[in-house]
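Asker: The structure follows.
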Amino acid sequence: MNTITVSSDSSIQESIAIKLAAKLTLPFAVLNQQQTQLVVTQQHIEIRAPELGNPIFIDFVAGKNAHRRQFGGGRGQPLAKAIGLKKGATPTIIDATAGFGRDAFVLANLACHITLLERNPLIATLLEDALLRASNVADIADVIKRMSVNNVDAIDYLDTLEQQHRPDVIYMDPMYPSREKSALVKKDMRLLHELAGPDTDSEQLLTTAQNVALKRVVVKRPKSAPFVGEQKPATSIESKNTRYDIYLS
């Protein structure tokens with residue numbers, strides 16, 4: 001991927017875009033459809049890339065996230081079961097590979113307090129922007145209060161975490177090697193692959209997470225994927241295309 005620049009789609013947003021570029025230590029540039037750009041619009045912050053078609057941004061208020069919030073299956077869904085949600089138990093969680101924050105949002109909806117770690121600064125910016133916008137929407141403001149984002153490397157963060165901040169659960173959804181030609185890989189996920197690159201340190205992250213989590217580490221995998229680092233979990237919970245491997249602390 002070429003050098004990414006920051007831009008705005010109107011003169012009104014330009015000063016915000018210039019400040020954001022300085023924060024991310026990226027160049028500010030005029031809009032350019034041939035470049036991958038982080039664009040500040042009046043509605044939100046989005047990523048535009050020539051190969052994407054539509055821009056990508058994160059929205060916790062409408063679209064897929066809203067649908068999953070309403071119809072996702074509550075505490076009976078596989079993700080919630082894997083995390084250990086049950087009557088009288090609402091664990092604290094660190095999502096060590098936040099990505100677009102979809103699973104974190106589901107868990108925050110189920111009353112969990114969750115810290116999202118995302119090492120790619122562009123994706124972290126989209127997450128921060130989405131949380132800020134959603135925090136002003138009365139229906140979900142309480143859910144958003146339970147989510148916080150850190151633009152950090154998860155292993156570094158966990159290695160220096162103080163004892164009193166250790167979570168009950170650490171959740172990992174490491175980047176699985178991309179099926180580049182497959183129509184199954186949606187454009188937003190292809191972008192995530194491009195920006196973040198493959199997860200070459202999943203095994204190390206799992207080991208670190210096991211030393212930090214008070215109760216369990218949950219690793220999300222495609223159903224047919226091998227265990228991370230060939231470490232056999234205590235148990236697994238499966239859904240249609242996904243497997244949640246559970247490592248008890």
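The values are calculated or read from the model by the stated rules, or taken from the named source; none is laboratory data. Remember, it's a predicted structure, so these values are computed and weren't measured experimentally. Heads up, the Cβs are rebuilt from the backbone with ideal geometry, glycines too, and the neighbour counts pull from every protein chain shown.
Asker: So, of the residues in region 24-44 that are closer than 17 Å to residue 11 by Cβ and not in a loop (DSSP other than H, G, I, E, B), which turns out to be farthest from the chain's Cα centre (by Cα)?
Answerer: Result: 28.
Asker: I'm told residue 191 meets every condition in (1) at pLDDT below 90; (2) of a type outside the set (Val, Ile, Thr); (3) not in a helix (DSSP H, G or I) except one. Can you identify the failing condition by its number?
Answerer: Of (1) at pLDDT below 90; (2) of a type outside the set (Val, Ile, Thr); (3) not in a helix (DSSP H, G or I), only one is false for residue 191: (3).
Asker: Tell me the helices (runs of 4 or more DSSP H) entirely within region 88-181 that contain at least 1 residues that are modelled with pLDDT of 95 or more and surrounded by fewer than 20 Cβ atoms within 10 Å (Cβ to Cβ).
Answerer: Details: elements: 102-109, 121-134, 141-145, 154-159.
Hits in region 88-181: 121-134, 141-145, 154-159.
Asker: Also: Residues in region 139-151: is at least one touching a strand residue (DSSP E or B) at 6+ places or on another chain (Cβ under 9 Å) and of a type in the set (Gly, Ala, Ser)? Before the answer, list the steps.
Answerer: Initial filter on region 139-151 (touching a strand residue (DSSP E or B) at 6+ places or on another chain (Cβ under 9 Å)): 146-151.
Keeping just the survivors that are of a type in the set (Gly, Ala, Ser) gives 148.
The answer is yes, given that some residue of region 139-151 is touching a strand residue (DSSP E or B) at 6+ places or on another chain (Cβ under 9 Å) and of a type in the set (Gly, Ala, Ser).
Asker: For region 134-175, which positions are touching a Phe, Trp or Tyr at 6+ places or on another chain (Cβ under 8 Å) and more than 19 Å from residue 24 (Cα to Cα)?
Answerer: 134, 140, 143, 144, 147
Asker: Restricting to region 218-249, give me the number of residues that are crowded, with 18+ Cβ neighbours inside 10 Å, free of Cβ contacts under 8 Å to residues at least 60 places away in the same chain, β-branched (Val, Ile, Thr) and in a strand (DSSP E or B).
Answerer: Of the residues in that region, 1 qualify.
Asker: Could you look through region 26-36, keep only residues that are within 13 Å of residue 4 (Cβ to Cβ) and modelled with pLDDT under 95, and pick out the one that is surrounded by the most Cβ atoms within 10 Å (Cβ to Cβ)?
Answerer: Out of the qualifying residues, it is 36.
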